[in-house]
1. Among the candidates VAL176, VAL188, which residue alone is of a type in the set (Val, Ile, Thr), within 18 Å of the chain's Cα centre (by Cα) and surrounded by fewer than 16 Cβ atoms within 10 Å (Cβ to Cβ)?
2. Just to check your reading of the model, which residue among ALA155, ALA131, ALA197, ALA139 is closer than 26 Å to ASP55 by Cβ and surrounded by 13 or more Cβ atoms within 10 Å (Cβ to Cβ)?
3. Which members of segment 191-221 meet the condition of being of a type in the set (Gly, Ala, Ser) and either touching a strand residue (DSSP E or B) at 6+ places or on another chain (Cβ under 8 Å) or modelled with pLDDT of 85 or more (or both)?
4. Would segment 106-118 turn up any residue that is in a loop (DSSP other than H, G, I, E, B), surrounded by 15 or more Cβ atoms within 10 Å (Cβ to Cβ) and either polar (S, T, N, Q) or in the same structural domain as VAL181 (by TED's automatic domain parsing) (or both)?
5. Would you check which residues across segment 60-92 are at pLDDT 80 or above, in a loop (DSSP other than H, G, I, E, B) and more than 17 Å from VAL176 (Cα to Cα) and list them?
6. Please specify each residue of segment 1-52 satisfying the condition of being touching a strand residue (DSSP E or B) at 6+ places or on another chain (Cβ under 6 Å) and assigned to a loop (DSSP other than H, G, I, E, B).
7. Can you tell me which residue within segment 24-46, out of those that are charged (D, E, K, R) and surrounded by 13 or more Cβ atoms within 10 Å (Cβ to Cβ), is farthest from ASP73 (Cα to Cα)?
Amino acid sequence: MRMAELSQTSGTTVATIKYYLREGLLHSGERTSATQSQYDESHVRRLGLIRALIDIGGLSVARTAEVLAAMDDPAVSPNYLLGTSQQSVTAVAADRAGPLDRQLGLAQIDDLIVKHGWSVSVDNPGRHIAADVLATFRALGRTDAALIDSWAAAAQVAAEGDLEAVARDRDRPAMVETVVVGTVLGDVMLMALRRLAQESISTKQYPTEPGFVDDCDRVSL
C-alpha cells in the first residue's frame with residue numbers, strides 16, 4: 001500500500017506518518033521509485049503501537065523511540081525490555097515532601113519490598129516513585145500502612161498476570177510487544193479499572209439516602 005492508503009488504514013495523518021519516519025519510530029517502506037514507497041501490515045501494526053504509547057501511555061516521542069529501539073534489538077532480553085519500559089513511566093513529584101520525608105518514604109518502601117518477598121533492583125524506577133508517594137503521604141500527615149499493603153497485594157496480582165501473558169507468547173516480536181503494552185498501557189488500564197471499582201464499592205457502601213438525588217446513568221447489571 002502507498003502512504004495515502006497507510007494513512008487511511010491506520011487512521012494516522014500523512015504528516016504524522018512522515019514525522020514518525022523522520023524520527024525513526026516507524027521503519028521505512030520498500031522503495032518503488034525515487035518518490036514512492038510501499039508499506040505493509042507491519043507498518044499499520046507499528047503505527048498502532050506508537051499511537052498507543054504516545055496517546056494513551058503518555059510517553060514522549062523520545063521515550064517512545066527508546067522503547068521501540070529496545071524492542072527491535074534482538075540482543076535485548078525481555079527482562080531488560082521490562083526495565084526500559086518502566087523507565088519510561090513518568091515519575092510522581094513529591095513537591096510537598098522534604099528530605100526527611102523522602103528518606104523515610106524510601107525506608108518504608110524497602111520494608112514493604114522485604115515484607116512481600118520481592119526481588120527488586122535499587123534503581124527500579126517504581127521504588128523511587130513509590131517512595132515519593134509515601135513521602136508526600138507523610139508530608140500530608142497520612143501514614144496508612146494497611147492501605148499501602150492493599151495496594152501492594154493488588155500490584156502482586158497484576159504483575160503475575162503481566163508475566164503470565166508474556167509467557168504465553170511464542171515468538172519474540174509478540175513477547176516484547178506484550179511486555180511494552182502490558183507495562184505502559186497496563187498502568188493506564190489499572191488506573192481506569194480502579195476508578196470503576198471505587199465507584200461501584202462506594203455506591204454499595206454509601207447508598208443514596210431519601211431526599212438526595214442520584215441521577216447517574218449506570219451500566220446495567
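The values are calculated or read from the model by the stated rules, or taken from the named source; none is laboratory data. Quick caveat: nothing in here was measured; it's all calculated off a predicted structure. Cβ sites come from the backbone with ideal geometry, for glycine too, and all protein chains shown count toward neighbours.
1. Values: VAL176 fails: surrounded by fewer than 16 Cβ atoms within 10 Å (Cβ to Cβ).
On inspection, the qualifying residue turns out to be VAL188.
2. Result of the check over ALA155, ALA131, ALA197, ALA139: ALA155.
3. ALA192, ALA197, SER200, SER202
4. Looking through segment 106-118, none of the residues is in a loop (DSSP other than H, G, I, E, B), surrounded by 15 or more Cβ atoms within 10 Å (Cβ to Cβ) and either polar (S, T, N, Q) or in the same structural domain as VAL181 (by TED's automatic domain parsing) (or both).
5. SER60
6. First, pick out the residues of segment 1-52 that are touching a strand residue (DSSP E or B) at 6+ places or on another chain (Cβ under 6 Å): 29-32, 37-38.
Scanning segment 1-52 gives GLY29, THR32.
7. Here the residue is ARG45.
Per-residue answers, yes or no, for (1) more than 27 Å from THR64 (Cα to Cα); (2) at pLDDT 90 or above:
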residue: LEU140; (1), (2): yes, no
residue: SER150; (1), (2): yes, yes
residue: ALA174; (1), (2): no, no
residue: GLY182; (1), (2): no, no
residue: MET189; (1), (2): no, no
